[in-house]
Amino acid sequence: MESIILEKNEGNLEEIAQLLLSDHVGAIPCDTIYGISARVGKENEDRIYEIKKRPQSKSFITLISLDGLRKSSLIVPDILYEIYPAPLTAILMDEEGGTHAVRVPSDEYMLRLLDLSGPIFSTSVNISGERSLLTFSDVRTAFDGILDFIVKSDDVSKGVPSTIVDMTAKPFRLIRMGAYDPHALI
């Protein structure tokens with residue numbers, strides 16, 4: 001069965017949100033790179049691990065709205081509210097001591113989608129250990145029929161993933177250098 005192909009435009013925003021809310025897994029372009037995305041939940045998480053052939057010891061980034069972040073149980077340093085939205089993934093602790101990688105994307109389309117869908121998992125479109133796929137054509141060639149849907153866009157930033165900073169303790173620690181300059185934080 002072929003994946004549903006949808007253009008990245010305002011007219012498809014609600015349809016994409018409904019696919020996510022119905023627990024479909026798809027590829028969505030963001031402000032950094034294409035991501036395999038699905039609504040946050042255990043079954044969707046397991047399906048993404050299976051699609052990517054990724055070890056379950058490696059967690060996924062959760063894309064969330066700024067309002068969603070404020071309402072979450074995560075311990076968020078105040079400076080993050082001054083930075084977001086940005087191509088910066090923050091590893092944060094929750095009230096029970098668990099850690100979560102979260103990001104408020106700097107893409108208006110994604111922010112509107114998150115308002116409709118709620119938080120979503122996002123991870124690079126690739127098989128674990130292989131290069132990230134950065135174009136619609138490459139994503140479609142590799143994952144058509146594997147993903148439920150693919151959102152088509154010719155504009156996926158510069159193909160640079162987000163910077164990851166561990167903000168669970170001070171001093172903050174750089175995990176991965178990416179599209180955001182973290183030097184003011186670390």
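The values are calculated or read from the model by the stated rules, or taken from the named source; none is laboratory data. The model shown is predicted, which means the values in this text are computed figures rather than measured ones. FYI the Cβ positions are ideal-geometry reconstructions off the backbone, even for glycines, and counts take in every protein chain you see. For accessibility, only protein heavy atoms count, side chains too; no ligands or nucleic acids. Shrake-Rupley method; radii C 1.70, N 1.55, O 1.52, S 1.80 Å.
Please work out which residue is surrounded by the most Cβ atoms within 10 Å (Cβ to Cβ), limiting yourself to the range 117-167 and to residues that are of a type in the set (Gly, Ala, Ser) and assigned to a strand (DSSP E or B).
Filtering the range 117-167 for residues that are of a type in the set (Gly, Ala, Ser) and assigned to a strand (DSSP E or B), the one surrounded by the most Cβ atoms within 10 Å (Cβ to Cβ) comes out as SER122.
Please work out which one of (1) at pLDDT 95 or above; (2) on the phi < 0 side of the Ramachandran plot is the condition THR32 fails and give its number.
(1)
When the range 51-60 is examined, which residues are found to be within 14 Å of the chain's Cα centre (by Cα) and open to solvent by less than 30 Å² (accessible area, probe 1.4 Å)?
Within the range 51-60, just PHE60 meets the criteria.
Enumerate the pairs (first residue in the range 159-171 and small (Gly, Ala, Ser); second residue anywhere and assigned to a loop (DSSP other than H, G, I, E, B)) with beta-carbon separation below 7 Å, excluding pairs fewer than 6 apart on the same chain, so at least 6 apart or on different chains.
GLY159/ILE33; GLY159/LEU134; SER162/THR32; SER162/PRO87; SER162/GLY178; SER162/ALA179; SER162/TYR180
Mind listing just one residue for me: the one in the range 84-111 that is assigned to a helix (DSSP H, G or I) and crowded, with 17+ Cβ neighbours inside 10 Å and, of those, nearest to the chain's Cα centre (by Cα)? If you could, list the steps in order and put the result at the bottom.
Within the range 84-111, the first condition is being assigned to a helix (DSSP H, G or I), and the residues that meet it are 108-111.
Then keep just the ones that are crowded, with 17+ Cβ neighbours inside 10 Å; that gives 109-111.
Working: TYR109: 13, MET110: 10, LEU111: 11 Å.
So, considering only residues that are assigned to a helix (DSSP H, G or I) and crowded, with 17+ Cβ neighbours inside 10 Å, the one nearest to the chain's Cα centre (by Cα) is MET110.
Here are some residues: ILE48, ILE33, ILE64. Which one is open to solvent by less than 10 Å² (accessible area, probe 1.4 Å) and within 19 Å of VAL102 (Cα to Cα)?
Sole residue among the options that is open to solvent by less than 10 Å² (accessible area, probe 1.4 Å) and within 19 Å of VAL102 (Cα to Cα): ILE48.
If only one of VAL139, VAL102, VAL125 is of a type in the set (A, V, I, L, M, F, W, C) and farther than 23 Å from SER3 by Cα, which one is it?
Working: VAL139 fails: farther than 23 Å from SER3 by Cα; VAL125 fails: farther than 23 Å from SER3 by Cα.
The conditions single out VAL102.
Give the range 10-25 a look and list any residue that's acidic (Asp, Glu) and under 21 Å from ARG140 (Cβ atoms), or say none. I'd like the intermediate steps shown before the answer.
Of all residues in the range 10-25, those acidic (Asp, Glu) come to 10, 14-15, 23.
The answer is GLU15, and nothing else.
Where residues in the range 7-29 are open to solvent by less than 10 Å² (accessible area, probe 1.4 Å) and out of contact with any Asp or Glu (no Cβ under 6 Å at 6 or more places or on another chain), which of them is modelled with the lowest pLDDT? Walk me through it before giving the result.
Within the range 7-29, the first condition is being open to solvent by less than 10 Å² (accessible area, probe 1.4 Å), and the residues that meet it are 16-17, 20, 25-29.
After this cut, where a residue has to be out of contact with any Asp or Glu (no Cβ under 6 Å at 6 or more places or on another chain) as well, the list is 16-17, 20, 27-29.
On the way: ILE16: 98, ALA17: 98, LEU20: 98, ALA27: 97, ILE28: 96, PRO29: 92.
The selected residue is PRO29.
Which pairs have Cβ atoms under 6 Å, sit 6 or more apart or on different chains, and link a residue in the range 71-91 that is in contact (Cβ under 8 Å) with a residue 60 or more places away in the chain to one that is open to solvent by 60 Å² or more (accessible area, probe 1.4 Å) and among the β-branched types (Val, Ile, Thr)?
Cβ pairs passing all conditions: ILE91/THR99.
Is it true that THR89 is of a type in the set (Ser, Thr, Tyr), out of contact with any Pro (no Cβ under 7 Å at 6 or more places or on another chain) and modelled with pLDDT of 95 or more? First the steps, then the outcome.
Working: of a type in the set (Ser, Thr, Tyr): yes; out of contact with any Pro (no Cβ under 7 Å at 6 or more places or on another chain): yes; modelled with pLDDT of 95 or more: yes.
Yes.
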